[in-house]
1. Pick out which of 220, 313, 169 has the largest mean-square fluctuation in a Gaussian network model of the chain, springs linking Cα atoms closer than 10 Å.
2. At residue 358 and residue 314, where each label point lies 7 Å from the Cα along Cα→Cβ, what is the point-to-point distance in nanometres?
3. Compute the helix-to-body angle for 405-418: its Cα long axis versus the longest principal axis of the chain, expressed 0 to 90° and rounded to tens.
4. So, in Å, what gap is there between the alpha-carbon centers of segment 306-372 and segment 138-160?
5. Can you compute the equivalent ellipsoid semi-axes for segment 283-388, i.e. the square root of 5 times each eigenvalue of the Cα gyration tensor, sorted largest first and rounded to whole Å?
6. Which translational diffusion coefficient, to the nearest whole µm²/s, is obtained for the chain from the Stokes-Einstein equation, given a Kirkwood hydrodynamic radius over C-alpha pairs, 20 °C and 1.002 mPa s?
7. For a quick check: sort 239, 322, 59 by the number of other beta carbons within 10 angstrom, fewest at the front.
8. Roughly what angle does helix 117-128 make with the longest principal axis of the chain, taking Cα atoms, 0 to 90 degrees, to the nearest 10?
C-alpha cells in the first residue's frame, strides 16, 4: 500500500501524529518500543491558539518534528493552495456553537474565534474538490452529540449533513480510553468519514450489524448492544439552514447515541457498550518512584488540610457580591486517587501547586503528592518528556487538552488494514 499523506489540524502537541506515525523509544504506558511500520505520514500541520501571543503548544510541536511543514498561524488565513494534497485529514476541533443561522449574528457560532474551526475543515474539503481527503479522523468532547441544550444534537446533525453533502459516509463512537485498558478515563467522540469512491465508503452500511461488528471503529474497539438498548433511524435534511433552525426544535424528537453510522443523509444510531478482555493499565503501573519526584510535587503536612477540604463534601453559607446569602454544596471527591484504577480525566487546570478539587493526588510510600508532567504524559500515552521545555503548569495544560494516543493508534491500525 502506498504512503497515506496526512495533515493534522488543531495539532496541539501532536497526539494524532504520535498515534498514527509512532515513535522511537520505549513507552512507559504500553511497555514496548513502538514499531515504525505505519503507512501514515504527516506532510503538514497547523496549530494556532488565538487567545495568547505565546504559542507554547506549537513550539513543542515544532521542537519535536521541525517547523518546515508546520504552520503556526490562524487556519482561517491559510490559503488552500498552501495546504498540501493529502489522503487523511485529522484533528481535535473545539466544541462550540455551529449554528448556520448564527453566521449572521455576533455570537459564539461562526464568528467566534473557535466556532469557525469546523467550517475550516469544510473549506479545505470544498476547495480541494476532487483532491479532497479520502478519510477524516476527528475527535471532540462527548457532549458534542447532545449540544446545544435547546436543540439537542443539532450541532452534530449540521456536521453530518455538511459531510454528506460533500460525499462522505460517517461512523462515530464515544470511546472511554480506560474501557480498553488505557491509563486514563477519558471519554471522547471519535468521528470517521470516508469519501465516496473509497473502499471504506462502499463497505459502510447504515445498519446495526455494521455499527456493532463491521465498521472500522468496531474493529478497533469491539462493542455490543447496551443492556439499556436504545436505537433510532432517521434522515437528516440536506439543507443546512433547515437543520440549523429546525433540528429537534419541536418538530422532531431524535437523538444521537454513543455509536452510529450515516450515509446519504440516512442515520442509524444506538447505545452500545465496550467489550474488552485485555490488560488494564492503572496509575500504579505508570507512576515514578517517589525518589524521582521533585519536592515541589509532594504535599507538606501544613498544606494537607487544604487539599482535604478541597476534595471533601461541603454545604456552606456564602455571600454574593451584592451581600445576599446563598448555600453552596458539593459532594466529596476520592482522596487520594487510587493507584489501582486508571487516572481520572485530566483537565487543563491539573498543573500548579495550589490545592484543587480536580487535580490528582496519590499516596505513595507514606507521602501525598501531585502527578508530575511525565506521569501526566503517560496517562495520555505520550512518550516521556514529550512536552519538556515548557513550564510544569503548561505541560499539565497540554495534557488536559490532549487525547489518549493509544486510541488513535488503534484507529490508525484498523483504517490501514481496512484499505489494504
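1. In this elastic network of the chain, the residue with the biggest mean-square fluctuation among 220, 313, 169 is 313.
2. 1.4
3. Once rounded, the angle reads 30 degrees.
4. 30
5. Values: eigenvalues 176, 45, 34 Å².
Rounded to whole Å, the semi-axes are 30, 15, 13.
6. Details: Rh = 22.8 Å.
Rounded, D is 94 µm²/s.
7. Numbers: 239 13, 322 5, 59 17.
Going from least to most buried by this count: 322, 239, 59.
8. Helix 117-128 and the main axis of the chain meet at about 40 degrees.
A short reminder: the numbers here are calculations on the coordinates, not readings from a lab. Keep in mind that this is a model prediction, so the values were computed, not measured. Cβ: placed from backbone, ideal geometry, glycine included. Neighbour counts: every protein chain shown.
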